[in-house]
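The values are calculated or read from the model by the stated rules, or taken from the named source; none is laboratory data. Small disclaimer: the values here were computed from a predicted structure and weren't measured. As a convention, Cβ positions derive from the backbone with ideal geometry for all residues, glycine included, and neighbour counts pool all protein chains shown. Quick note on the areas: whole protein, heavy atoms, side chains included, nothing else; ligands and nucleic acids left out. Shrake-Rupley method; radii C 1.70, N 1.55, O 1.52, S 1.80 Å.
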Amino acid sequence: SIADPKALANCHITAAEMIEHTNDPDKIWRQQRREHPKEGIVHFFHIDRQPKDWRDRKTPEDPKQGLLVYRIVDWIEESKTLKNAQKWPQLSQKLYGLSHYFGDLMQPLHLHHDYDGDEAGLPGLHSQFETKMLNRYEDEIRTGVKSKLQSEKIPPLWITQSLNTLVFDSAQQSYAKAARLFEGAKPA
């Protein structure tokens, strides 16, 4: 409901469709292995297990450590091509996936190898921060996000940076918050 209606209309998609399908990658695509063969490793990217040159790559050195950042970059480029070719159903699928993957990118535990807190002695940590707390504080989160979006505009820096830089920097910034999640969860 807070997405730019003009941008959505230019892609022949509605906010209601985006909301309805943004979890398709988790709920549907993971079971459709033939149509989405790599879906299981697309939702994460373990920065702490990447080679030093991961930002210079187009594919991961070890796909078992995740594909998330590369999928986002690839699908944004593919979405541009689909939009220009006016392939609206295919573009819609890419946009559903991108909305989901950007959510994954902002979840710090999707970027850390101990994504569920097992090694830290905090099993189930992932669902605590991704589902349980979001459900519990949904109204406050929605209000906060809406307020932020209304008060902030696209930072000028975003216009001057490459897509890869924006995605990779966002991944690193999100990953940097994982340690705080682990520490904050220990007393709980």
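When Ala9 is tested against (1) assigned to a helix (DSSP H, G or I); (2) of a type in the set (Gly, Ala, Ser); (3) surrounded by 14 or more Cβ atoms within 10 Å (Cβ to Cβ), only condition (3) is not met. Take the conditions out of contact with any strand residue (DSSP E or B) (no Cβ under 9 Å at 6 or more places or on another chain), surrounded by 12 or more Cβ atoms within 10 Å (Cβ to Cβ), free of Cβ contacts under 8 Å to residues at least 24 places away in the same chain and in a helix (DSSP H, G or I) and apply them to Gly40. Does it pass? Here the answer is yes, as Gly40 does meet what is asked. Can you confirm whether Ser79 is modelled with pLDDT of 95 or more and assigned to a helix (DSSP H, G or I)? Yes, satisfied. Under the condition of being at pLDDT below 95, open to solvent by 100 Å² or more (accessible area, probe 1.4 Å) and not basic (Lys, Arg), the residues counted in the range 158-188 number 6. Looking only at residues in the range 45-80 that are in contact with a Lys or Arg (Cβ under 6 Å, 6 or more places away or on another chain) and among the polar types (S, T, N, Q), the one that is least open to solvent (accessible area, probe 1.4 Å) is Ser79. Within the range 109-121, is there a residue that is open to solvent by 40 Å² or more (accessible area, probe 1.4 Å) and in a helix (DSSP H, G or I)? Looking through the range 109-121, none of the residues is open to solvent by 40 Å² or more (accessible area, probe 1.4 Å) and in a helix (DSSP H, G or I).
What about Thr131, is it open to solvent by 40 Å² or more (accessible area, probe 1.4 Å), of a type in the set (S, T, N, Q), out of contact with any Lys or Arg (no Cβ under 6 Å at 6 or more places or on another chain) and within 25 Å of Ala15 (Cβ to Cβ)? Judged against the criteria, Thr131 is a match.
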